[in-house]
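The values are calculated or read from the model by the stated rules, or taken from the named source; none is laboratory data. Bear in mind the structure is a predicted one, so any value in this text is a computation, not a measurement. Counting neighbours? That spans all protein chains shown, and the Cβs are built from the backbone with ideal geometry, glycine included. When the accessible area is computed, the model is the full protein with side chains, heavy atoms only, and any ligands, DNA or RNA have been set aside. Shrake-Rupley method; radii C 1.70, N 1.55, O 1.52, S 1.80 Å.
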Amino acid sequence: MSTILHTDKLCKSFSNGGLQQHIIKNLDLEIREKDFTIIMGASGSGKSTLLYALSGMDTPTLGRVFFGDKDISKYTNDQLAVFRRENCGFVFQSIYLLENMTVFDNIMTGALVIQKNTPELVKKTEELLKKVGIGEKLWDKYPNQLSGGECQRVGIVRAIINDPKILFADEPTGSLNSASSRDVLDIFTELNSKGQSIVMVTHDMKTALRGNRVIYLRDGAVIGEHEMPSFGTNDIKGRQEGLQRFLDEMGW
Amino acid sequence: MEKILRLSFANIKKHKKQTILLTLLIVFCMAITSAAIAGSIDMTSIFPRVADEYAVHKNALYIKEDYYNDSFIRLLREDERVTDIDHVRVLFSTATKYLDNEGEEQSLYMSFVTKELEENIERSPIETTLTDEEIAALEHPIYLPYAGRESLASKLSEGDTFNIIYGTKLFSFTVAGFYESIFMPATGMGFQMIVSDSDYVSLMTIIGKYEMVLFDCDPLDDCVDIYLKFYDRVEEQTGKDIGYNILSLLYKNLEQKSAVFSEIVIGIMLFMAVVIFIAAAIMIRFRIAGDIQDQIQSIGVLEALGYTSKEIALSYTAEYLMTALAGVIIGAGGAFALLPVLHRVAETLSGHHGSLHIFPLPILLTALTILIFVGVIAHTRALAVKKYPPVQAFRKGIAVHHFGKNRFPLRNTKNSVHLRLALKGFFDNMKQNISLTVCIAVSALAAVAGILIADLFASDLKAAARLTGEEMPDQIVTVMHSANTEELAERISEMQGVKRVQTGSFSLDLSEWMSLYAFDRESCLAPVSYPDFSQCENIQATAGRLPEHDNEIAVSKLFATQHSLKVGDDLTLECNRVKKNYIICGLVPSMSNDGTNLYITEQALKRIMPTYRPSAIEIYLEDKTDRAEFQTLLMQTYGRSVADTRKTESIGDTAEERLSAEADRLIAEYLANHGADHIEYSIQIGDKTISGSSESFAIKSVQDIKHVLQTQMGGIFSTISLTSWSLMGIAAVVSAIIIIALMEQAVRRQRKELGIMLGLGYTTKELMVQLAMRIMPAVIVAIILGTVGAAAVFHLVTDVMVGTTPINIPMMIVTIIIMILFCFGCAYVGAGRIKKISVTELMTE
């Protein structure tokens, strides 16, 4: 599989009261196309920071991020915005739906930024909503009228409506109950099975099991990687044990 | 109290930029209001103070020498309210001009006195930079009113040459100094000038002699009544209409005149202040509402900690009171800085010099009023805190919950998603948009009113000329009584460069003015007569039509309003005890001569004044014709005078030339002094015949009415124009402040939504456009409302004052477009705060 994203000595620091905090340190990483990459690590290890640097949400302090052969680390904010809307989809722990817009408009807001409002787009939105289990009666509801799981499923549809080349997810099940989490993860799994590249940050092992590659971070550096067969294969126990062993080695 | 103030300071610190903008509005409001009020008191008191200090007598009457009779003094003295009388011989003319720095002739009413005569009129000290020796060395010294130094087209100083023109004659003087003239101090009223005894004698041969009757009375307010009684008794005694044989310069009228234009400036300033205050009030309401929404969780925490909602509301009130206090203190400083400027403007406009008197009470009262208003507005708005008990406040109220109708659903988007999102945003903020509409509408009203006023008083005086209700030919020729006006007009029309001519009654030479009376001699009207009004370009009837038949007249709109007249009413006119009835067929917008212009055809005028003959010729020149050259040629051909014939250089060397010169001198003498109306001569010398006629003495004076208007009103119009442009500028600044503040607040309030959209891939520019577009429906509606409102107010005011004044529609459309673009620009700049939003920070919060 070809590399969709890679970094070259990526560094990210934040200034806090005059003190520089180095969150990511000289990180070299490759993200492969069609992989379901999981980024794990303890709190403060730099998982989310890495995700935002990879996705063009943030710019690195030093080093470079390549999307294909394009160096996006030098992009301006507006160039990054265009890059994001053309290539990336995002699912967040806090979901971040637009509170003043209906379910349908939340998705259309993300779609219309690059697509024309053709009947096909409306149809595609309807199909995706139905596919993630959001029935027609909820389409004109506002986010505050939906449950957390329903909101996250709307968030996923919004993230994939533009057929992104890569889907980033930052603890997408962090604020959901177990049933809702499972439903959401099933959607991710299905998307990946159809060739969607996914990079997901999580600290939950059950969530991590959905991926085929786990990257472990400590103090802003990759200290280990674990490859697994795809989630669709039957050897669930073997996957679980393998991941557990890896995580134990990493000091999880 | 301390904790309330602590909260207030914390809020101020948090919203530094918005606080600065609000302070700026209050500074403007305070400075303009207090300066306008205090300045108004100072400006209106300049003339009374100057008159008290320098006037020997407070009232003056200029009576034409040939009309004056010593018995008039007795008639005036018989009024027991008259306490003192004096009279002096002065020279006075309305046909005089001067040469400005560019060598252009500028019209100016002039009166000439000697130093000795002046001592009977005023006791003003002379201001000069010249020494006594230098003044003594001057051949033709002249002392001008202060306006000669300050508001004349060519601002003169000591030692400068001041060229005065009367007809074709030029008199060169050297400015020796300046002084305070009570009765003729400014370009709008004319200049009284002090000349040497010998120059006075020279000028006396050509410039009209007037007896200047000076009087005092007690009470001073009765001066107008005393004059009206005197007027009646003089007409009774002489059996002749006074007409323009007596000019009155009465204390009450002079006081009013000296303040009238200052009052317009003050009025414009107060209007500005109201606009700014409305804007500030709306901004305070916006901000408090926004602050409460922003800080609702903090409010919950404070309430949970034991702060009462009253204390929290008071902290907001205190915040705005502190801001207002800072604003009024700085604004008061601004007012003190503005007052000398206003005083100077008043001095320039009135022509009088008085020391600046600053009245602190209006400044204090203005400050207090602003503080009270700000306190009340802020407190009533801040009481909204009471709606949120701690638990509800923790949950951010229900403000973030939406249950309303989904307007402009995105599935129906046809074109730009940004426009659609902007429209959604507009409807989501209706309450705020209504306030914004009010604010922008008021600002737009102020701006458009400013433009309309500025256009009306524009430097080319086109619009202002329209309001005179008089024709604006290139030249107005006043014809000698001896000449045949129609024949002369015919000959002038054949001159090269002349487009057309028309004869009429309108002359700029006051001595040629006629008068008709109405309402049993209560009103005096100045006939403006033409054989055919259809030839007129500038005189237009706004109601009815211009007169066509000999029983029709048109009056000014102002006169009609004053006397409740309308088209179709009868009006009885009187002239030399003859009365005739006329039908009012039209109303003309006219502000000149206090609206006393009476429009009447030649035929109709002859019904009541059978001896009437047109005394003026109006000349319209072709565009390419050089006006100055034409005027010189015209005067050389038809405008010779008695004085010309006395010039030795015009006599010549040969016997024929000497005879011809003597013949001309005799013609001039007979025309001027013996009432001859046509003289021809033919002298046989050997086989030569010398002949000539009075034809070359046909023109009394030539004047350019545009120059007169420019000279007399130019400075005042420019000041009003400048004030109006300032009004527009202030309105623009206020709009900009409001919009920028509103946008910044919108970005702050919608930080999360905007952050999400940035995350979704909307660029900052797209979001800035979206945010700016959100307020555009309100802005467009407001600007249209403001423009229509300004046009309506302008229409109403000019309609009452001078009749319907056309509004420049293309200019209005351009103004609307510029204002919309300006507001969009401000909104776009204000929305630039989006750039400060960090998506990552927002997502990782």
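Before moving on, here are some points about what is shown:
- Pair B:ARG81, A:GLU127: separation of 7 Å Cα→Cβ label points (nm): 9.8 nm
- Projected label distance in nm at B:ASN581 and B:SER172, using a 7 Å step from Cα toward the beta-carbon: 6.3 nm
- Note on chain B: helix-only mean residue ellipticity at 222 nm, from DSSP H runs of 4+ residues weighted -39500 (n - 2.57) and normalised by residue number, equals -17500 deg cm²/dmol.
- Surface share of carbon and sulfur [accessible, 1.4 angstrom probe, percent] for the stretch A:146-229: 45 percent
- Heavy-atom accessible area per residue - the protein assembly as shown, 1.4 Å, Å²: 42 Å²
- With all protein chains in place and ligands, DNA and RNA left out, the 1.4 Å accessible area ranks B:LYS606, A:LYS74, A:LYS47 as A:LYS74, B:LYS606, A:LYS47, largest first.
- Protein heavy-atom surface of chain B, 1.4 angstrom probe: 58% of the accessible area is carbon and sulfur, with nucleic acids and ligands not counted.
- Counting only protein heavy atoms and using a 1.4 Å probe, the accessible area of B:CYS585 comes to about 10 Å².
- Descending by average beta-carbon neighbour count within 10 Å, the peptides B:182-192, B:420-430, A:177-187 line up as B:182-192, B:420-430, A:177-187, the highest first.
- In this structure, the residue pairs whose Cα-Cα separation is over 21 Å, taken from A:LYS141/A:LYS165; B:LYS97/B:LYS155; A:LYS47/B:LYS836; B:LYS155/B:LYS700, are A:LYS141/A:LYS165; A:LYS47/B:LYS836; B:LYS155/B:LYS700.
- The stretch B:519-547-the stretch A:138-211 distance, computed between alpha-carbon centres (Å): 86 Å
- Entries in A:LYS70/B:LYS414; A:LYS12/B:LYS17; B:LYS169/B:LYS706 that, when Cα-Cα distance is taken, lie over 24 Å: A:LYS70/B:LYS414; A:LYS12/B:LYS17
- Low-density loop positions, GluC sites (Glu not before Pro), the stretch B:53-88 - DSSP coil, at most 10 other Cβ in 10 Å: B:GLU80
- Here the label points at B:LEU364 and B:VAL781, each 7 Å from Cα along the C-beta direction, are separated by 4.5 nm in the simple model.
- Rounded if a/c under 1.5, otherwise prolate or oblate - chain A, Cα gyration tensor axes: oblate
- Summed buried accessible area for A+B [probe radius 1.4 Å, Å², rounded to 100]: 3000 Å²
- Bridgeable aspartates and glutamates around A:LYS124 (alpha carbons under 13 Å apart, same-chain partners fewer than 8 residues away excluded): A:ASP163.
- Heavy-atom accessible area for B:LYS557, with the other protein chains in place and a 1.4 Å probe, reaches approximately 40 Å².
- When the surface is traced with a 1.4 Å probe over the full set of protein chains, A:GLU86 keeps roughly 100 Å² accessible.
- Cα gyration tensor category, rounded, prolate or oblate, for the stretch B:135-291 with a/c compared to 1.5: oblate
- Here r is the Cβ-Cβ distance between B:ILE813 and A:GLU120 and R0 is 56 Å; the resulting FRET efficiency, rounded to 0.05, is 0.85.
- Under the convention that each Lys and Arg Cβ holds +1 and each Asp and Glu Cβ holds -1, the size of the dipole of the stretch B:475-626 around its Cα centre is about 380 debye.
- Taking Cα centre as origin and charging only the Cβ of basic (Lys, Arg, +1) and acidic (Asp, Glu, -1) residues, the dipole magnitude of the protein assembly as shown rounds to 8960 debye.
- Full-extension gain in nm, B:ILE73 to B:ARG89, via 0.36 nm per residue minus C-alpha separation: 4.4 nm
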